[in-house]
Every structure is written in structure tokens, then in C-alpha cells.
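Below is one structure, written out as C-alpha cells; comments come after it.
The values are calculated or read from the model by the stated rules, or taken from the named source; none is laboratory data. Given the structure is predicted, the values throughout are model-derived calculations rather than measurements. Positions of Cβ are backbone-derived with ideal geometry, glycine not excepted, and every protein chain shown enters the neighbour counts. Side chains included, ligands, DNA and RNA excluded: accessible areas come from the protein's heavy atoms. Shrake-Rupley method; radii C 1.70, N 1.55, O 1.52, S 1.80 Å.
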Amino acid sequence: MAVTHGERRLALSQTWRKQAKLRISQNWDLYLIILIPVIYFTIFHYAPMYGVQIAFRDFQVARTILESEWVGLAHFRRFFDSFLFWRILWNTVYLSLYGLVAGFPIPIILAISLHYAVSKRFKKVVQMITYAPHFISTVVLVGMILQVLHLRIGLLNGVRGLFGADPVNYLGRPELFGHVHVWSDVWRGMGWGSIVYLAALAGVDPQMHEAAIVDGATKVQRIWHIDIPSIMPTAVILLILNVGRILFLGFEKILLLQNPLNLTASEIIQTYVYKVGLQSAIPQYSYSSAIGLFASLVSFALLIAVNRIAKRVGETSLW
Amino acid sequence: MVGGEARSDRIFNVINTTFLTAVLLAVIYPLIFIVSASFSSPEAVASGRVLLWPVELSLEGYRAVFAYEPVWTGYANTLFYTVTGTVVNVVLTLMAAYPLSRKEFFGRNLFTFYFSFTLFFSGGLIPLYLVIRSLGLLNTRAAMIIPAAIGVWNVIITRTFMQASIPDALIEAARIDGASNTYILVRVVIPLSVPIIAVISLFYAVGHWNAFFPALIYLRDPSKQPLQMVLRNVLVANEMAVDQTLIDLEEMQRRQFLQEVLRYSLIIVASVPVLMIYPLVQRHFVRGIMIGALKG
């Protein structure tokens, strides 16, 4: 008696289904446990994704989402045609890329440097101090920046004064905004950012280093040929994640650092979304959502693209 | 030959130590400056004479901070948000992570995807705001807690920890003895997960302590504002914390100077709780990052 292919598949899928049923019924309370988290994600993450359709509608406060008329891509077109579009896009990309170029390698350099520190105690002290700014809140960090860079009483201008230089209004000059934002981020984030790489460095097989030492390799050669290749996968993953968030980086801090004088350099997509959608007297929910959705979609596409490139080039990827 | 290589390593060590020292100084100097300024006299601060150590030691800044009513309200509110919020966070994170850590949990990948997709795509600011408004959460204390009830990243590290450090055999044995999954979670898994609970509690608590944006968009009522909003008003939006109504010119200038010192003192007062526990718990934070790095 020959069992046909179809019959066998049917039998297989039946046992599979039976097993699935068994696994579910034996652990039914696990579903009960995860229910509340699922509800949370549904309401606070997926409901907004559903609600993002107002970007394609003319949503008004008095109406529900579904009652509002479809307007297609009108809001997107309005944003692309706006005289602010290119400036805002440029500011966003510039601040993010500058932040990435400066902020990405420094934690790696710091981690390697810490890894090769001559004394354990010194290493501990440097770690302790450099991790600390990570815990300073964004508001406090911005407060510190404003005080330290203050035109009259700021520390930096005080030091300049000692050398007879004129005070600089760091936050009033658009061309300096990028430096202020990026380097204060580096200041806050480099220690914390180095932890991941220190972990990766600690995971390097010591035999490789021993063999290299026997062969007469210097520390610099060992860093170049052993350590850096070993932390590459970690670096690539973090780079992919950062590129995926390129249109979202540093929003709260930039919002706080803004003032009318530096706005030409500091208005980014997210701050604009906030202003158009929530801060203005007549909130334009649909228009603002369209701008936000544009940023989300571009980010998502970037993430996928970079992930694919990384997979092809370095065999490291998020998924 | 060997001597030459040793010399190159010596040069490397010198450069390396110099670099680390430079980094150390660059990070610590602004911190010392803020502390010093907060303990200096208003005149010294306003004339920019504080460069490293306190000048004309004074507690006037702190006195002005404590006399400023909103600081107290803000502190109390932030304490409430931090404690309640963290409890909610930890409970829900455990409830999300535990099923995901169990191999026999059918649909595990589906749930993991459901949670982690939100890391990469979101509806955005306005749609979330509209959801919160339609739930009637605007201008309620719950708006500071519920919308941020679970952090996906913390779910992932908690799940990874549970998978790595709680033996399957233990759970199987309990199952054979007829224990329910809920019982196992409470009596077996949670007691064995204390290290990771410590880590995520700290992550969540610091997040609540430092959060200002939810307050900015969801809260109107000044009596509900957290400390960070008070800080924002004084440090960034230039709200006067020292009464500036005119008395006479000299007194007014003195008060303006006082406002400047107050800013430094306020920074210290707001950061002290976090920075005080920081040295004690630093290794927990680092551990959290390590677990996260294991399986990103």
C-alpha cells in the first residue's frame, strides 16, 4: 500500500497541528501572562501605526479618523514644496551624519585605549568618570551647555577672556550649532558607548595575543590585526542601528538647544513635526503626521538598505 | 630587535596614558566647574571669575533653590513617577520576557517580532498623541507612566538572561510536579532573576528620573510637572526663579546674579540622586549592557 505524497503531507500537517494544540493547551497560562504586554504594544505602538493614516486624510479635531476625507499625498506634496523642506532635511542629515562620524569611532578608540591602560586602577577611574555623564538628563546637559557657553558669564568665554580674545555667542551662530550639539553628545556618550566594545575586546581569544607576542608583534600591530577585526561585528551592528535612526537622533536635545538665532541650523524634521503638530495654536495633525511618516519611512528604508549592504560586504547583519 | 619592539610598546604606553588622561580631564572639568560655581558667591559667578574651584564660598544658590516652590513639587512628582513607573515597568517586562524565554512557548517568534518591530518603525509623535488623548490620559499622572510601560530592549535582555541562567531542567521538574507557569514565574524564575531585575529597574528608574518630553506634551497642570520640567523652565526657558520685581537697582542686580548661581545649584540638586547611587550600581548597568551585547 503506497502512501501518496499528498496523504503524507496531510498526515504531517495533522500531527503538526496536534502538537501545536498540545503545546498551547499545556501552557495556556503563558498566553495569559503575555496578554497584558501584548495589549500594551497594541494600544501604544500599533494603534498609532494604524492612526498614521491621518497623514493621507484631512483630519480635524471635531471628526474621527474614519470620518475625515482622503486627500492622498497632498500633505506630503505640501511638505516637499515647502521652502523649509530642503533646509530641514539638510539640517537633519547634516547633524546626524556629523554626529555619527564623530560619535562612532571615538568610543571604539576609547575602548581600545582603556583595554591597553597600563594600570588597572587608572583604567577603573577613567571608566567611572567617563560613564557618569550618560546619567545626566538631557535637560541638565543642555542647562550645562548654556551655562558653560554663556556669552557673558560662560566658562569658555571666561577662558577666552584670559587670552584677550573676544567672547563668542556659541548658541547664537548657526554655523557653530553643529559643533555644539555633536561634541556635547560625544562628551556625554563616549564612555558609555565604549562599554560594548570593552566587552567585545574582553572576548578576544588570549591565545591569539600570546601567539602574536611570541612572533614579536608590537601592541599597535596586535590592535590592528587582532583587536580591530574582533570588534568589527559589534561595530557593524551598532552602525546599522545608528543609520536606521539617522532622522531621529538627538531630537529632545536639539529642541532644547534651539533659539531664534540658531534656528536656521537647528530646525530638524522631528522638531518641526512637534511644532507644527502640537506647539502651534492651530495644530495641523495631518500635515505633521505626514512629515513624521516621511521620516519613519526613510529611516526604515535606510535600515533595510544598510543591513543588506552589511550582509553582503561583511557577513554581519541584524537579521 | 627585541629591545626595539619593547621601545615601541613603551612609546605606545606613553601616548595611551596621555590620551586617557586628556579624556579624563575633558570629562571631569565641566563637572567640577558646575559644582564649584554652585558653591560660589553670585557676584563671582556673574563676573565669570569661577574657573576651577569655588570663589567666595557661599550657599546662596542652594538657599534660593530650596526657596523656589516648584522645585519641591517637581521633586515630589518625579519621585512618584519614578517609583510607580519603575514598578509597573518591571512587572510588565517580566510578564513579557518570561513566556518568550520558554522554548515550549508556541508562537514565541511571532510574539518576539510583534514586540521588536516597534524598535524599527513607529506611527510617530502625532498619532501616539491622538491615541493618548482619546484614552483620556492627557494631563493625568498616568500619562507619565502607562505610555512608556515597557521598553523592548529591556524585554530582550531580560529574556536573554532567563534563557541563559535558569536551567530548563528546573522548570521541567516543576512542571512535572504540576506547578502552573504562573507559579513557576513567581516562585522559581523571579527569585533567580534578581540580578537582571536590578539592572532593568535601574535603567527604567533613570529613564523616569530624566524624562521631560512626555511631560512637555501630555501635562498642562503645573502641580503635576516633574522636576525635569521645572529645570527646563529655569535653565532653558529662562523662567525667573528669583523674584525680580523691582525694589531698587542694586538689589535687582543682586537678584539677577543670584538667578545665575541658582542655575548651577539647581543642576546639582537635580542630578545628585542619580549621581549618588551611580558609583554603587555602576557595575549593574555595565552588566546590563553586556547581556544586551550577547544577543542584540
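In a shell of Cβ-Cβ distance under 14 Å around A:I112, excluding A:I112 itself, what net charge do Lys and Arg (+1) and Asp and Glu (-1) give?
+2
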Relative contact order (percent, whole number), segment A:74-314, Cα cutoff 8 Å, 6+ residue spacing: 28
Pair B:L119, A:A301: separation of 7 Å Cα→Cβ label points (nm): 2.4
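Looking at the square roots a ≥ b ≥ c of the eigenvalues of the Cα gyration tensor of the protein assembly as shown, which shape do they give, rounded for a/c under 1.5, prolate if a/b is larger than b/c, or oblate?
On the way: a/c = 1.67, a/b = 1.23, b/c = 1.36.
Note, shape of the protein assembly as shown comes out oblate.
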Extension gain, B:L110 back to B:R283 (0.36 nm per residue minus Cα-Cα distance, nm): 58.9 nm
Taking N as the residue count of segment B:69-223, its alpha carbon Rg divided by 2.2 N^0.38 Å gives 1.21
Any chance you could look up the accessible area of B:M240 with a 1.4 Å probe, heavy atoms only, rounded to 10 Å²? 100
17 Å Cα-Cα reach of A:K275 towards lysines, excluding residues that sit fewer than 8 places from it in its own chain: A:K253
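Averaged across the residues of B:7-16, what count of C-beta atoms belonging to other chains lies within 10 Å of each residue's C-beta? Working shown, then result.
Details: counts 1, 4, 6, 1, 3, 6, 4, 1, 2, 8.
Mean shielding count: 4.
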Over the whole of A:127-135, what's the average partner chain Cβ count within 10 Å per residue? Rounded to a whole number, please. 6
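Taking only the C-alpha atoms, wrap a convex hull around segment A:182-319 and report its volume per residue in Å³ as a whole number. Each step should come with its number before you reach the end.
Values: hull volume 19.8 nm³, N = 138.
Considering the Cα atoms of segment A:182-319, their hull volume per residue is 143 Å³.
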Residues A:W16 and A:W90, FRET efficiency given R0 of 56 Å [Cβ-Cβ distance, rounded to 0.05]: 0.55
Under the 0.36 nm per residue contour assumption, what length would be gained going from the current alpha-carbon distance of A:L176 and A:H5 to full extension? 54.4 nm
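Using only helices, what value at 222 nm comes out for the protein assembly as shown when you add -39,500 (n - 2.57) per DSSP H run of length 4 or more and divide by the total residues, to the nearest 500 deg cm²/dmol?
Values: 30 runs with 423 residues, N = 615.
Estimated from H runs of four or more residues: -22000 deg cm²/dmol.
Given DSSP loops and a limit of at most 16 other Cβ atoms within 10 Å, what is the longest stretch of chain A that contains no such GluC sites (Glu not before Pro)? Don't skip to the end; give the middle numbers.
Numbers: sites that count: A:E67, A:E315.
The longest uninterrupted stretch comes out as A:68-314.
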Averaging sequence separations of C-alpha pairs under 8 Å and six or more residues apart, then dividing by the length of segment A:26-169, give the relative contact order as a whole percent. 8
Give the cross-link partners of A:K18 among the aspartates and glutamates, using a straight C-alpha distance below 18 Å as the criterion and excluding same-chain residues fewer than 8 apart. A:E7, B:E104
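How many square angstrom of accessible surface are buried between B and A, both sides summed, with a 1.4 Å probe and rounding to 100? Could the numbers behind the result be given before it?
Working: alone 17840 and 20720 Å², together 29950 Å².
Roughly 8600 Å².
Which residues make up the longest stretch of chain B clear of trypsin sites (Lys or Arg not before Pro) that lie in a DSSP loop with no more than 12 other Cβ atoms within 10 Å, not counting the sites? Mind dumping the intermediate values first?
Working: sites that count: B:K103, B:R220, B:K295.
The longest such stretch corresponds to B:104-219.
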Let me spell out the model: positive unit charges on the Cβ of Lys and Arg, negative unit charges on the Cβ of Asp and Glu, origin at the Cα centre of the protein assembly as shown. What dipole size does that give, in debye rounded to 20? 1540
Using only alpha carbon positions, build the gyration tensor of chain B, then give the equivalent ellipsoid semi-axes as the square roots of 5 times its eigenvalues, largest first, whole angstrom. 44, 32, 16
Charge dipole (segment B:4-107, unit charges on Cβ, about Cα centre) - positive-most of B:N89, B:A67, B:T21: B:N89
Separation in nanometres of the label points that stand 7 Å from Cα toward Cβ, at B:T182 and B:E239: 4.5
Looking at chain B, do any whole DSSP H helices span at least 30 angstrom along their long axis by alpha carbon and average -1.0 or above on Kyte-Doolittle, and which? B:2-38, B:69-101, B:249-294
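Multiply the residue gap between A:Q221 and A:A62 by 0.36 nm, knock off their C-alpha separation, and tell me the result in nm, one decimal place. Could the numbers behind the result be given before it?
Numbers: separation 159, 0.36 × 159 = 57.24 nm, distance 6.80 nm.
Between A:Q221 and A:A62, full extension yields an extra 50.4 nm.
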Rounded to two decimals, what is the ratio between the C-alpha radius of gyration of segment A:58-197 and 2.2 N^0.38 Å? 1.52
Mind running the shape call on segment B:54-128? Use the C-alpha gyration tensor, a ≥ b ≥ c as the square roots of the eigenvalues: rounded below 1.5 for a/c, prolate if a/b tops b/c, oblate otherwise. prolate
Under 19 Å from A:K219, Cα to Cα: aspartates and glutamates that are on another chain or at least 8 residues apart: A:D205, A:E210, A:D227, B:E5, B:D9
If R0 = 22 Å, then B:A169 and A:D29, at their Cβ-Cβ distance, give a FRET efficiency to the nearest 0.05 of 0.60
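Using a/c under 1.5 as the rounded threshold, could you call chain A rounded, prolate or oblate? The axes a ≥ b ≥ c are square roots of the C-alpha gyration tensor eigenvalues, and prolate needs a/b larger than b/c, oblate otherwise. Display every interim value, and only then the final one.
Numbers: a/c = 2.30, a/b = 1.12, b/c = 2.06.
Cα axes put chain A in the oblate bin.
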In nanometres, what is the gap between the two model label sites at B:R220 and A:V204, each 7 Å from Cα along Cα-to-Cβ? 5.9
